Amino acid sequence: MNLPLFKPQDSDESFDASPDKSFTMPARYYHDGDIYEREKEAVFYRNWWFAGHVSQVRNPGDYLTARIHDQEVFVICGRDGSLNGFYNVCQHRGHGLLKGTGRTKTIVCPYHAWAYGTDGQLVKARNTGEMACFNKDDFALKPVRVEVFCSLVFVNLDPDAVPLEEQAGNLESEIRHYCPRIDELVFAQRDTYHVRANWKVLVDNFLECYHCHPAHKDFVDLVDMESYHSRAHGLYSSHCSDRARSNDNSAFRFETGEVDFGYAAWFLWPNLTLWVYPGEANISTLQMIPDGAGHTIEYQDWFIASPEPSAQMTEAMQYQKEVLQPEDVALCESVQVGLQSKGYNQGRFVVDPGFSELSEHCVHHFQKMVVEALDVGSCLLE
C-alpha cells in the first residue's frame, strides 16, 4: 500500500510515494525562504558535495576550494599523496585561507600570517613564542570528510556520513562503462551560468526528456531517442541513449569513441549531474549551487583527455554552452515565474508504464528525496 507523504498546504491533493498517482511538490517548495534555510542543514550540510577531479589535486600541495552555502572548505594533497579536507578558515581570527585552485607548500593566512601544513597542523604563529599556555596543537584546522569516487573528489560536512561509495550502488561501474579513461582526464574549462530559478527547478528539468522534443530540437536530432532511457537507482538516476544517431542536419555529429553509444548522463543527489559524450574521452559535471531561494549558480566543469580538446570535443562544448544550456536556462526561469503565480500550486507527474523518455518518474524520485530529507512526511512509506 502506498501512502501519501504529506498533504500540501492549500490543496486537497497529495505527493504520493507512487509516481503515477502523485501530484508534484507544492510551488512554495521552490520559493519559500524558510524551506530554503531548512535545506541547508537537511540536504547540503550532510550529503556529498562535488569539489573537483583528482587531476586537480594530484601533486603534494595542490589544492581546490568549494563553497557549500556559507561554509567554505578546501581539499589539499598532502606530502604523502593523500587528500585532506578542511574548513577554509584560519583558527586565529577567522580569516579565509585559500582561494580557487593552485599549489602551495604551506597554507598561510593572508591576515596575520599564521601558517599551516598540508595536514592541517599549525606550524607557525607569529609572536606567540613567549605566550603562556599557548599550544599549537590546539589550533589545527577543522577537518571535513573527503572521498574520491570514480576519480571525482567529494567533500562532506557530516563527520558521520555514510561513504559515497556505499550509497552509490552501480553508479561508478556505469560511468566507467561509458568513460573507461576517466582516471586519465584533466581539467579543460569551467562555464558559469547565473539562473533566476530555484536549484530544484534545474534538477527537475534535467531529470526528464518529456520537454526535449518541443524545447530541444537539436538534441533530439542528435540523440537516438528510441534508445534513450531514464532509470532511478537509490541515490542517483541514469539518462542514456545506447545508440548513436548521425544526422547531417544536427548542430554537430557525435563520433564513435572507445564506447559506441549516443549519450550518457547521470544525476547524483543532491545537486550534481554528470555528462559523457561519445568520441574523445570526456566527462563534464554540471552542479546546481543554490544562491537564495530564487537563484542558482551553475558550474559546468569539463574534464577531457588532454588540455587541448579535439575539434569534435570543442564543438560539443560549444553546443552545450551556446545551445543546450541557454535553452534550459530560459525554460527554468520561466517555470520559476510560474511557480510564484497565484494561479498554480501543483501539477501531475506524467508517467508511462515503460518509463520511456517521455516519462517523469525520475523527477518524482528526486522530489521524494527532497520531501524525505526535509522530513515533512505525515506518515511512513510502505
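Just a few scattered comments:
- Between His213 and Glu37, full extension at 0.36 nm per residue minus the direct alpha carbon distance yields a gain of 59.8 nm.
- As a proxy for reagent exposure, ranking Lys99, Lys321 by other Cβ atoms within 10 Å from fewest up yields Lys99, Lys321.
- Sequence-distant residues sharing a close amide H with Val351 (under 5 Å, placed H): Glu360
- Taking other C-beta atoms within 10 angstrom as a stand-in for reagent exposure, Tyr344, Tyr236, Tyr210 fall in the order Tyr344, Tyr210, Tyr236, fewest first.
- Residue (of Phe349, Gln121, Gln287) at the positive-pole extreme of the chain, dipole from beta-carbon charges: Gln121
- Using just its DSSP H runs of length 4 or more, each adding -39500 (n - 2.57), the chain gives a mean residue ellipticity at 222 nm of -5500 deg cm²/dmol after division by all residues.
- If R0 is 22 Å, the Cβ-Cβ spacing of Ala330 and Ile297 corresponds to a FRET efficiency of close to 0.85.
- Qualifying lysines (Cα of each under 27 Å from Cα of Lys124; at least 8 residues distant if same chain): Lys99, Lys105, Lys136, Lys142
- FRET E, pair Val123, Glu226, Förster distance 51 Å, beta-carbon r, rounded to 0.05: 0.25
- Computed from backbone phi, the HN-Hα couplings of the range 183-188 come to 5, 9, 6, 10, 5, 10 Hz, rounded to whole numbers (Karplus: 6.51 cos²θ - 1.76 cosθ + 1.60, θ = phi - 60°; Gly and Pro given as x).
- Calculated FRET efficiency for the pair Met131/Glu372, C-beta based, R₀ 41 Å, to 0.05: 0.25
- Annotation: the antiparallel percentage among DSSP beta bridges lying fully within the chain is about 100.
- Per-residue extension of 0.36 nm, minus the Cα-Cα distance of Asn59 and Phe187, leaves a gain of 44.6 nm for this segment.
- Straight-line reach from Lys342: taking Cα to Cα under 29 Å and skipping same-chain neighbours fewer than 8 places apart, the lysines in range are Lys7, Lys21, Lys40, Lys200, Lys368.
- Cα centroids of the range 260-328 and the range 198-214: 15 Å apart.
- Normalised contact order of the chain, rounded percent, pairs of Cα under 8 Å and 6 or more residues apart: 21
- Residue ranges 260-266, 85-91 sort as 85-91, 260-266 when ordered by packing (mean number of other C-beta atoms within 10 Å per residue, highest first).
- Ranking of Glu327, Glu298, Glu41 by neighbouring Cβ atoms within 10 Å, starting from the fewest: Glu41, Glu327, Glu298.
- Remark on the chain: ratio of C-alpha radius of gyration to 2.2 N^0.38 Å is 1.06.
No value in this document is a laboratory result; all are computed from the given coordinates. Treat the numbers as computed from the prediction; the structure is a model and nothing was measured. Neighbour counts run over all protein chains shown; Cβ positions are idealised from the backbone, glycine included.
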